[in-house]
Amino acid sequence: MVTEKDLADLGIHRISVPIPFPEAGGPVNAYAIEDRDGGLLMFDAGLGSPEAEAAMAAGLRRIGRSPGDVRRVVVSHGHVDHYGGARKILEAAGHEIPVQAHPRDIPKMVEGGPRWRDLLPRYAEHFGRIGVPPEVLGEASREISGGMTMARRIPRVEPLDLAEPIRLRHVTLEPMHMPGHTPGLLCLYDRAHRLFLSDDHLLERVSPNPLIELGPEGGEAWRPLVAYLDSVGRLHALEVDLVLPGHAAPFAGHRRVIDDLLRFYGKRQARIRAALGAGPRTGWEITRALFPAAPAKAMFLTVSEAMANVEVLQARGEVVREEGGEAWRYRLA
């Protein structure tokens, strides 16, 4: 059974990078993995802030490496704390490095992809239907815009071939599409050593926030928690001795963590049913019932969490949405 102490022998080196997002569950991890040609594959690249870039450089020096050793970057998903440092690695390497990700998340990280300011009108319309007050949306939007300044877009990102195992010096990693936290979230699985690089799909002490994601054309086809429950069920079935997460330290017992997480979501959904027992409510009213003390700047996270659980209840036929009026209202079926 592989433990964290054995990872270096397998050519896997965890680099912890500071981030200013306490809700993420700790510093973000990037993994430098030894390739067959003597170079490195980077799984994630950390944030693009000066502090994060310095931590990445120090982490590579600690294992006797530099950005010049990086031959390939695989980005788990399109959030700034996971792709934001890639541009710095590319510039410091001194040679061309392919960057790969799932096609569903590439637009969020590549140059020319839609920016938050481009998407804001769609989100404003959507959150208005949920019942979010305009002043709350404004404060949350400023918070999101600030976070986006900690990442520079990547000039070119290629789709990762999910059917092709990544054969490295000591491990062979199977790419796995695990949508939920984002539509295009990728994990890597070493079947021989029973290692699972989960990035934000599974964290030991923090639930992966199922974020609302509309895209430039809007639409509601994406139901993050519905997708996540399917994905995490597939992970539950895998044989895993050690999870290498996107935040905090590696951990064992993935099925225990998943079972606890499912109970957590079950309790949250029970609270929603109880709130709706008093009559129909808007999505914002449901959010405030779940998170009464949350600040306005956290609106995107809290509304995403509340509405994702409502969507699970809708999928089960337990909750119905009423679309008359300015804001949608939800009631028990």
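Can you name the residue in the range 21-37 that is free of Cβ contacts under 8 Å to residues at least 60 places away in the same chain and farther than 15 Å from Ala86 by Cα and, of all such residues, is surrounded by the most Cβ atoms within 10 Å (Cβ to Cβ)? Reasoning before the result, please.
Taking the range 21-37 and keeping what is free of Cβ contacts under 8 Å to residues at least 60 places away in the same chain, we get 22, 30, 32, 37.
Then keep just the ones that are farther than 15 Å from Ala86 by Cα; that gives 22, 37.
Values: Pro22: 7, Asp37: 9.
Checked the range 21-37; the qualifying residue surrounded by the most Cβ atoms within 10 Å (Cβ to Cβ) is Asp37.
So is Gly46 crowded, with 24+ Cβ neighbours inside 10 Å, of a type outside the set (Phe, Trp, Tyr), outside any strand (DSSP E or B) and in contact (Cβ under 8 Å) with a residue 12 or more places away in the chain or not? Lay out the reasoning, then the answer.
Values: crowded, with 24+ Cβ neighbours inside 10 Å: yes; of a type outside the set (Phe, Trp, Tyr): yes; outside any strand (DSSP E or B): yes; in contact (Cβ under 8 Å) with a residue 12 or more places away in the chain: yes.
Yes; evaluated as a whole, the condition is true for this residue.
The set of residues from the range 2-41 being over 23 Å from Ile89 (Cα atoms) and acidic (Asp, Glu) comprises Glu4, Asp6, Asp9, Glu23.
Of the helices (runs of 4 or more DSSP H) entirely within the range 225-333, those holding at least 1 residues that are within 30 Å of Asp190 (Cα to Cα) occupy 254-276.
Yes/no per residue for (1) surrounded by fewer than 19 Cβ atoms within 10 Å (Cβ to Cβ); (2) basic (Lys, Arg); (3) over 15 Å from Ser304 (Cα atoms):
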position: Ala237; (1), (2), (3): yes, no, yes
position: Arg256; (1), (2), (3): yes, yes, yes
position: Lys267; (1), (2), (3): yes, yes, yes
position: Ala278; (1), (2), (3): yes, no, yes
position: Ile286; (1), (2), (3): no, no, no
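A residue that is over 20 Å from Val226 (Cβ atoms) and in contact with a Pro (Cβ under 9 Å, 6 or more places away or on another chain) cannot be found anywhere in the range 259-272. A Cβ distance below 7 Å, combined with a sequence gap of six or more or placement on separate chains, defines the contacts here; from the range 62-73, residues that are in contact (Cβ under 8 Å) with a residue 12 or more places away in the chain and closer than 13 Å to His13 by Cβ reach residues that are open to solvent by less than 50 Å² (accessible area, probe 1.4 Å) and of a type outside the set (A, V, I, L, M) in the pairs Ile63/His13; Asp69/Gly39; Val70/Gly39. Scanning the range 108-145 for residues that are under 19 Å from the mean Cα position of the chain (by Cα) and under 30 Å from Ala163 (Cβ atoms) gives Lys108, Met109, Val110, Gly113, Pro114.
There is no residue in the range 298-310 that is open to solvent by 40 Å² or more (accessible area, probe 1.4 Å) and at positive phi.
Would you check if there is a residue in the range 157-165 being in contact (Cβ under 8 Å) with a residue 40 or more places away in the chain and acidic (Asp, Glu)? Checking the range 157-165: at least one residue is in contact (Cβ under 8 Å) with a residue 40 or more places away in the chain and acidic (Asp, Glu).
Restricting the range 66-80 to residues that are surrounded by 17 or more Cβ atoms within 10 Å (Cβ to Cβ) and in a loop (DSSP other than H, G, I, E, B), which is farthest from the chain's Cα centre (by Cα)? Spell out how you get there, then give the answer.
Keep residues of the range 66-80 that are surrounded by 17 or more Cβ atoms within 10 Å (Cβ to Cβ), which gives 67, 69-80.
Filter again for in a loop (DSSP other than H, G, I, E, B), leaving 75-79.
Values: Val75: 11, Ser76: 8, His77: 6, Gly78: 7, His79: 6 Å.
Across the range 66-80, the extreme among qualifying residues is Val75.
Pairing each residue of the range 303-320 that is in contact (Cβ under 8 Å) with a residue 40 or more places away in the chain with any residue that is hydroxyl-bearing (Ser, Thr, Tyr) and open to solvent by less than 50 Å² (accessible area, probe 1.4 Å), provided the two are 6+ apart or on different chains, yields C-beta distances under 7 Å for Val303/Thr287; Asn309/Tyr265; Val319/Tyr330. Scan the range 61-107 for residues that are closer than 16 Å to Leu162 by Cβ and in contact with a Ser or Thr (Cβ under 6 Å, 6 or more places away or on another chain) and jot them down. Once the filter is applied, which keeps residues that are closer than 16 Å to Leu162 by Cβ and in contact with a Ser or Thr (Cβ under 6 Å, 6 or more places away or on another chain), the range 61-107 yields His77, Asp105. Residues that are open to solvent by less than 20 Å² (accessible area, probe 1.4 Å) and more than 15 Å from the chain's Cα centre (by Cα) within the range 81-91 comprise Gly85, Ala86, Ile89, listed in sequence order. For Val226, indicate whether it is more than 14 Å from His201 (Cβ to Cβ), open to solvent by 30 Å² or more (accessible area, probe 1.4 Å) and under 19 Å from the mean Cα position of the chain (by Cα). Considered against the rule, which asks whether it is more than 14 Å from His201 (Cβ to Cβ), open to solvent by 30 Å² or more (accessible area, probe 1.4 Å) and under 19 Å from the mean Cα position of the chain (by Cα), Val226 comes out as yes.
Taking the conditions exactly as written (under 24 Å from the mean Cα position of the chain (by Cα), buried (at least 17 other Cβ atoms within 10 Å of the Cβ) and in a helix (DSSP H, G or I)), does Ala55 satisfy them or not? Before you say what the answer is, go through the steps one by one.
Working: under 24 Å from the mean Cα position of the chain (by Cα): yes; buried (at least 17 other Cβ atoms within 10 Å of the Cβ): yes; in a helix (DSSP H, G or I): yes.
The answer is yes for Ala55.
The values are calculated or read from the model by the stated rules, or taken from the named source; none is laboratory data. Nothing here was measured: the structure is a model prediction, and the numbers come from that model. Glycine also receives a Cβ, built like all others from the backbone with ideal geometry; neighbour counts cover every protein chain displayed. We work out accessible area using only protein heavy atoms, side chains counted, and drop any ligands, DNA or RNA first. Shrake-Rupley method; radii C 1.70, N 1.55, O 1.52, S 1.80 Å.
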